[in-house]
Structure formats: structure tokens, C-alpha cells
1. Take the Cα pairs of the chain, get the Kirkwood Rh, then feed it into Stokes-Einstein at 25 °C and 0.890 mPa s and tell me D in µm²/s.
2. By how many nm would the segment from VAL7 to GLN50 lengthen if fully extended, with 0.36 nm per residue of separation less the alpha-carbon distance?
3. Using the basic label-point model (7 angstrom from Cα toward the beta carbon), what is the PHE31 to ILE14 distance in nanometres?
4. If amide H atoms are built 1.01 Å from N in the plane of the peptide, which residues on other chains or at least 5 residues away come under 5 Å of the amide H of VAL40?
5. Note the angle between two axes, namely the Cα long axis of helix 70-89 and the longest principal axis of the Cα atoms of the chain, as a number of degrees from 0 to 90, rounded to the nearest 10.
6. Tell me, LEU85, LEU21 in order of fewest to most beta-carbon neighbours within 10 Å?
Amino acid sequence: GILMAGVLFALAYIVTGALYLPLALHFSWNFFQSFFGFAVSGFAFPSIFQLEVTGPELWTGGAFGPEAGCSGLFLLVLAIGATLLYGRHRQPPTTTNPTGKSRP
């Protein structure tokens, strides 16, 4: 899971050429995990929700949190796919070279 998160963040940087998307993805992933009461990378944070995660550790990630389980891996693969689609449909920024001609 952690490796796939790194792939997602690197891909988000490559697609945008800026850090705003990987930072936003990382912050939102950690925020919503802690908000809903899941462990974040093995650390428990206070939450308004009290969850009891049940099921095989292979799917739930156990005490480490969803990012260590198949459910988190599935979400990361979906996020990578969405990032690739975003990159495919994103308009590249246009810049002006010293001659004044616009280039993609």
C-alpha cells in the first residue's frame, strides 16, 4: 500500500508538474482516515467516530490501517487510474518563448 501511495503521489507530480496535487491527495487521505476513525500508518488519532474494524487483516490492514490492506490497495489503484485520466484530459499550460510566439 505505501509503495502504491508513492506511485500515486509521483504520478500526480508528473501529471501536473507541481506539488499541489500530491500534497492535497496525501493530506486528504490522512485527514479522512483519521476523521472516520481509522488508523493512519499505524497511529490512532482522536475521532468523533468509534469504529470497530473487523475482518481479515489482509483486507482491513489490521492495526496499521486501510492503507496496509487490499481495500486500501484497491482505492489507490482507482486513484492512480483517475490521475492518469486527469493527465490525459488536462490542457498543458502554454508558455511564451522570447520571440513572442506561443508554444505548448
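Where a number appears in this text, it was derived from the coordinates with a stated rule and is not lab data. Since we're looking at a predicted model, the values are computed, not measured. Because the Cβ atoms are built from the backbone with ideal geometry, glycine has one as well, and the counts that use them run over all protein chains shown.
1. On the way: Rh = 15.5 Å.
Estimated via Stokes-Einstein, D reaches 159 µm²/s.
2. Result for the pair: 12.4 nm of gain on full extension.
3. 2.7
4. PHE45
5. Roughly 10 degrees between the two axes.
6. LEU85, LEU21
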